[in-house]
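Participant: Can you read through this structure? Questions will come right after.
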Amino acid sequence: MTTETIPASAPARPPIRDAVPFATFAAVGGSVVLALVNGLANWMLTQETYETTADYLKIIDAHRTVALVSDGLGLLAVILLVPGIWAVAHRLRERSPIIAGLGGWLAASGYVACMVLVIEGQIMMAVVDSGGDPATYIDAADNHTTSVQLLIYVVFGIGGLLGPLLLGVAMLRQRDRYPVWAGAALIASPVARIGGLALGLHMLPSVASLMMGLAFAMVMLRRR
């Protein structure tokens, strides 16, 4: 007489709630840090006249500590926002897979490309600290932009604006789960950001970042 041995099945693993660890902190905290970066940039721009690259070098020279802190916070914002955005998209993809997936891809890619601003700021600071003639840098920045550099700006602009808008649309498609006002705020955030830049209302980008963070909080704090 033989007995058949049935292998014990592995214990079921609990479902993974979020795509990344500390997802809520990353998504909301990254947005708040970005608002601080926007606020510091706004403060510097209101202290001096800014029309050319040479003007911006003078601003950095006059407010070096603020510029350094702003760039450091910009780096932190990107480190937090990119995984935070993917965590938000992960939640929204359960019921809006295509729109949320595209929104997360665009928004995360846009904020990766945002690092170009941090790097440019540090290069400008090095130019100022060198004590030499900045004319060569100004000519290079104003007249010799490469196609790859231009593409980075395009990814930053389109991703940072269109990505949150699509994530907001994904929220509105799930009205039974997320507040309508939160989805509307996320859709309006890129509009406020670009409007502030276009109209010279420098506080609007900070407001837009806080609107994005508030909408992200509604997604991440919603219990399943």
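The values are calculated or read from the model by the stated rules, or taken from the named source; none is laboratory data. Here the structure is a predicted model, which is why all the values come from computation and not from measurement. Every residue, glycine as well, gets a Cβ built from its backbone with ideal geometry; the counts of neighbours run over all protein chains shown. Heavy atoms of the whole protein, side chains included, go into the accessibility calculation; ligands, DNA and RNA do not. Shrake-Rupley method; radii C 1.70, N 1.55, O 1.52, S 1.80 Å.
Participant: Would you mind calculating the relative contact order of the chain from Cα pairs under 8 angstrom and at least 6 residues apart, reporting the percent as a whole number?
Facilitator: Computed value for the chain: 26 percent relative contact order.
Participant: Could you tell me the distance between the Cα centroids of the range 157-223 and the range 88-155, to the nearest Å?
Facilitator: 20
Participant: Can you give the accessible area per residue of the chain, in Å², using a 1.4 Å probe?
Facilitator: Working: 12490 Å² over 224 residues.
Solvent-accessible surface per residue comes out at 56 Å².
Participant: Oh, and also: Compare the Cα positions of His90, Ala54, Ser206 along the charge dipole of the range 23-221 (+1 at Cβ of Lys, Arg; -1 at Cβ of Asp, Glu; about the Cα centre) and return the one farthest towards the positive end.
Facilitator: About the Cα centre, the residue reaching furthest to the positive side is His90.
Participant: Across the range 38-54, in residue order, what do the Karplus-derived ³J(HN,Hα) couplings come to in whole Hz, using 6.51 cos²θ - 1.76 cosθ + 1.60 with θ = phi - 60° and x for Gly and Pro?
Facilitator: With the stated coefficients, the range 38-54 comes to 4, x, 5, 4, 4, 4, 4, 5, 8, 8, 9, 7, 10, 10, 10, 4, 4 Hz.
Participant: Right, something else. Using the Karplus equation 6.51 cos²θ - 1.76 cosθ + 1.60 (θ = phi - 60°), what ³J(HN,Hα) coupling, rounded to whole Hz, does each residue of the range 173-185 give in order, writing x for Gly and Pro?
Facilitator: 6, 10, 4, 6, 10, 10, x, 4, 4, 5, x, 5, 5
Participant: So, by mean Cβ neighbours within 10 angstrom, what's the order for 38-44, 205-211 with the highest one leading?
Facilitator: On the way: 38-44: 19.0, 205-211: 23.0.
Peptide ranking by packing, descending: 205-211, 38-44.
Participant: Tell me the carbon and sulfur percent of the accessible area for the chain, rounded to whole percent, probe radius 1.4 Å.
Facilitator: Working: 8500 of 12490 Å².
So the carbon and sulfur contribution to the accessible surface is 68 percent.
Participant: Starting at the first residue of the range 148-158, write each ³J(HN,Hα) from the Karplus equation 6.51 cos²θ - 1.76 cosθ + 1.60 with θ = phi - 60°, in whole Hz, x for Gly and Pro.
Facilitator: My calculation for the range 148-158 gives 5, 4, 4, 5, 4, 5, 5, 4, 4, x, 5 Hz in order.
Participant: Could you state the orientation-averaged shadow area of the convex hull built on the Cα atoms of the chain, in nm² to one decimal?
Facilitator: On the way: hull surface 70.3 nm².
Projected over every direction and averaged, the Cα hull of the chain covers 17.6 nm².
Participant: For the chain, what does the helix formula give at 222 nm: sum of -39500 (n - 2.57) over DSSP H segments with n ≥ 4, over the residue count, nearest 500 deg cm²/dmol?
Facilitator: Numbers: 9 runs with 169 residues, N = 224.
It lands at -25500 deg cm²/dmol.
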